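**Student:** Just passing along the structure, written as structure tokens.
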Amino acid sequence: MRPLLQIALDELTMEDAFKVLSNGVDEIVDIIECGTILIASQGCKVVEQMRERYPDKKLVADLKIADSGKVMAGMLLDGRPDYLTVICAANQKTMKAVVDEIKERKMTTEAQMELYGNWTFEELEVWKKIGINHVVLHHSVDEKGGWSQAELELVKRLCQHDIHVTVTGGIDYDSITLFKGLPIFCIIAGRSIRKAADPAKEAQRMKDRIIELWGE
């Protein structure tokens, strides 16, 4: 099964986010992400607005919850996202509060653990027991030089732990090849699509490259 293609909408306004999705991008990508910057700028209501526009599309609320798990998750869950993110630096009780809020609402939303900074594989096993079985390995866009060999080795190790693995951060058409052969769940692209001269054409080019490397 090929990795899904996710568009990260880190725009400052909903108008700009919808503009990125216009002209076919929304139909080409598999998952639409309300990015951290968009939510920080416009508030959690953007998830509801996106869901109203796309009732049947896979949707991510990427706020990277760090505290007040029940409250923060609750605000995002009002928009009925398919996924929401928790930062790995959060307290384990915060992580559990997020998972519990999803269960209390009887929703199928999946919590994702954003791996950024310091974390261990021992913690990974704890997160799985809490109920988080999806990780997002985040390469900092402030880090020059692209994905390092050490980061790619982490991706390989994560793929051996019976969890969904998503990769994000500075990924463009050319760097998709770095993950060839790995059972990646999802590849996230942001600026490489949003800033392209023709976003829809670039999104299709990236999706075609994924299919070429992994198959349908």
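**Student:** Does Ile130 satisfy the condition of being of a type in the set (Val, Ile, Thr) and more than 26 Å from Leu9 (Cβ to Cβ)?
**Tutor:** Judged against the criteria, Ile130 is a match.
**Student:** From Gln42, Gln6, which residue is at pLDDT 95 or above, touching a Ser or Thr at 6+ places or on another chain (Cβ under 8 Å), within 30 Å of Arg209 (Cβ to Cβ) and surrounded by 15 or more Cβ atoms within 10 Å (Cβ to Cβ)?
**Tutor:** Gln6
**Student:** Something else: Identify, from the list Ala8, Ala17, the residue that is within 25 Å of Met206 (Cα to Cα) and either in contact with a Cys (Cβ under 7 Å, 6 or more places away or on another chain) or part of a strand (DSSP E or B) (or both).
**Tutor:** Ala8
**Student:** Going through Ile132, Ile171, Ile176 one at a time, which residue ends up being of a type outside the set (Phe, Trp, Tyr), touching a strand residue (DSSP E or B) at 6+ places or on another chain (Cβ under 6 Å) and within 22 Å of Gly215 (Cβ to Cβ)?
**Tutor:** After ruling out the rest, the residue left standing is Ile171.
**Student:** Sticking with this structure for a sec: For Arg80, all conditions in the list (1) of a type outside the set (A, V, I, L, M); (2) crowded, with 18+ Cβ neighbours inside 10 Å; (3) not in a loop (DSSP other than H, G, I, E, B) hold save one; what is the number of the exception?
**Tutor:** Arg80 satisfies every listed condition except (3).
**Student:** Is one or more of the residues making up region 108-116 modelled with pLDDT under 95 and over 30 Å from Asn23 (Cα atoms)?
**Tutor:** For region 108-116, residues modelled with pLDDT under 95 and over 30 Å from Asn23 (Cα atoms): present.
**Student:** Still on this model: For region 141-166, what are the residues that are within 14 Å of Pro3 (Cβ to Cβ) and either in contact (Cβ under 8 Å) with a residue 60 or more places away in the chain or among the small types (Gly, Ala, Ser) (or both)?
**Tutor:** If the condition is that a residue be within 14 Å of Pro3 (Cβ to Cβ) and either in contact (Cβ under 8 Å) with a residue 60 or more places away in the chain or among the small types (Gly, Ala, Ser) (or both), then Thr166 is the only one that fits.
**Student:** Within region 138-177, count every residue that is over 13 Å from the mean Cα position of the chain (by Cα), aliphatic (A, V, I, L, M) and closer than 30 Å to Phe18 by Cα.
**Tutor:** Selection size over region 138-177: 2.
**Student:** State the number of residues belonging to region 146-186 that are of a type in the set (A, V, I, L, M) and loosely packed, with under 13 Cβ neighbours inside 10 Å.
**Tutor:** Selection size over region 146-186: 1.
**Student:** Turning to a different aspect of this structure: Are there any pairs, at least 6 apart or on different chains, whose C-beta atoms fall under 9 Å, with the first in region 42-65 and touching a residue at least 12 places away in the same chain (Cβ under 8 Å) and among the acidic types (Asp, Glu) and the second surrounded by 24 or more Cβ atoms within 10 Å (Cβ to Cβ) and part of a helix (DSSP H, G or I), and if so, which?
**Tutor:** From region 42-65, the pairs are Asp62/Leu38.
**Student:** Looking at region 88-110, which of the residues that are charged (D, E, K, R) and not in a loop (DSSP other than H, G, I, E, B) is nearest to Asn133 (Cα to Cα)?
**Tutor:** Among those residues, the one meeting the criterion is Glu110.
**Student:** Let me ask something else about it. Among the residues of region 9-25, write down those that are small (Gly, Ala, Ser) and at pLDDT below 95.
**Tutor:** Answer for region 9-25, where residues must be small (Gly, Ala, Ser) and at pLDDT below 95: just Ser22.
**Student:** Go through region 167-181 and give me each residue that's of a type in the set (A, V, I, L, M) and under 16 Å from Gln6 (Cβ atoms).
**Tutor:** Scanning region 167-181 gives Val167, Ile171, Ile176.
**Student:** Ok, one more. Restricting the search to region 197-211, which residues are loosely packed, with under 15 Cβ neighbours inside 10 Å and under 17 Å from Cys186 (Cβ atoms)?
**Tutor:** Within region 197-211, Asp208, Ile211 qualify.
The values are calculated or read from the model by the stated rules, or taken from the named source; none is laboratory data. As the structure is a computational prediction, the values presented were derived from the model and not from experiment. All Cβ positions, glycine included, derive from the backbone under ideal geometry; neighbour counts span all protein chains shown.
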